[in-house]
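What follows is calculated from the coordinates using simple rules that are stated; it is not laboratory data. Bear in mind that the values here come from a model prediction, so they are computed numbers and not experimental data. Methodologically, a virtual Cβ is constructed for each residue, glycine included, from the backbone with ideal geometry; neighbour enumeration extends over all protein chains shown.
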Amino acid sequence: METTFYGLPLVYEPGRVFAPRRTTELLVAETLELDPHRVADVGTGSGAIAVAIAAHAPNAEVWATDVCGEAVRVACANVERHALGERVHVLQADLLDGVPTALDVVVANLPYLPDSEHVPEYDEEPAAAVYAPGDGLTHYRRLLAAAKMSLRPEGRLMFQYRGHVLEAGRGELSALQQRLESPAWVAS
Ligand SMILES: C[S@@+](CC[C@H](N)C(=O)[O-])C[C@H]1O[C@@H](n2cnc3c(N)ncnc32)[C@H](O)[C@@H]1O
């Protein structure tokens, strides 16, 4: 199937690879405002975020990771479709494994819904792309720790969480973690 994300045509595979959502375009817009040169897109799915950033930031090099082989295959197809293969590197990997360090931005839209929750909007999506064990924060907790090692000192982490973009500089990751762990999210 085909969709449009950030003005770009992209393929995705319903039920196999997460369909990019409009809300995620905000994450791309905020990343582009930073004019980054070295970017990691963690949990790339169809490659939507990586492709949109590379297409709109001609000086950016992007590393896109996903643990799911089908997502990697679709992301590679979208990268090729937009002739971005020289600047977008797709890896089948956990979080930032295999990605070079000294990154300007780590951007992510990872699964964060607790697996005890059921959100009908996502019924057509692969469960592993949407739900995470326990309170749902396992992936983001691990990403916060990994980003600390991978970002350059002035680099920023930005990720999507419950319709918001959460972000912090490398030196502010502890404060971001506290915000993420706040019980206020549960009520929202
Ligand atoms: C909600 S989907 C988002 C896909 C895409 N970023 C987007 O916004 O359309 C989350 C993606 O994260 C991937 N994922 C889950 N755990 C991961 C991990 N530990 N490392 C890398 N990718 C992961 C899933 O396979 C899925 O493709």
- Counting only residues that are touching a helix residue (DSSP H, G or I) at 6+ places or on another chain (Cβ under 7 Å) and either buried (at least 19 other Cβ atoms within 10 Å of the Cβ) or without any contact (Cβ under 8 Å) to a residue 40 or more places away in the chain (or both), give me the helices (runs of 4 or more DSSP H) lying completely in segment 106-188 with at least 2 of them. 138-150, 173-180
- Query: Which ones in segment 103-126 are under 18 Å from the mean Cα position of the chain (by Cα) and either within 13 Å of the ligand (Cβ to nearest atom) or among the small types (Gly, Ala, Ser) (or both)?
  - Reply: Val106, Val107, Ala108, Asn109, Leu110, Pro111, Tyr112, Leu113, Tyr122, Glu125, Pro126
- Message: Give all pairs with beta carbons closer than 6 Å in which a residue from segment 33-60 that is more than 17 Å from Phe159 (Cβ to Cβ) meets a residue that is more than 16 Å from the ligand (Cβ to nearest atom) and aromatic (Phe, Trp, Tyr); count only pairs at least 6 apart in sequence or on separate chains.
- Response: none
- Message: Suppose we keep only residues that are of a type in the set (A, V, I, L, M) and buried (at least 19 other Cβ atoms within 10 Å of the Cβ) within segment 85-105. Which one would you say is farthest from Leu144 (Cα to Cα)?
- Response: Val88
- Give the residue, chosen from Glu33, Glu80, Glu70, Glu61, that is acidic (Asp, Glu) and near the ligand (Cβ under 9 Å from one of its atoms). Glu70
- Message: Could you check segment 29-42 and list, in sequence order, the residues that are crowded, with 24+ Cβ neighbours inside 10 Å and either under 9 Å from the mean Cα position of the chain (by Cα) or acidic (Asp, Glu) (or both)?
- Response: Ala40, Asp41, Val42
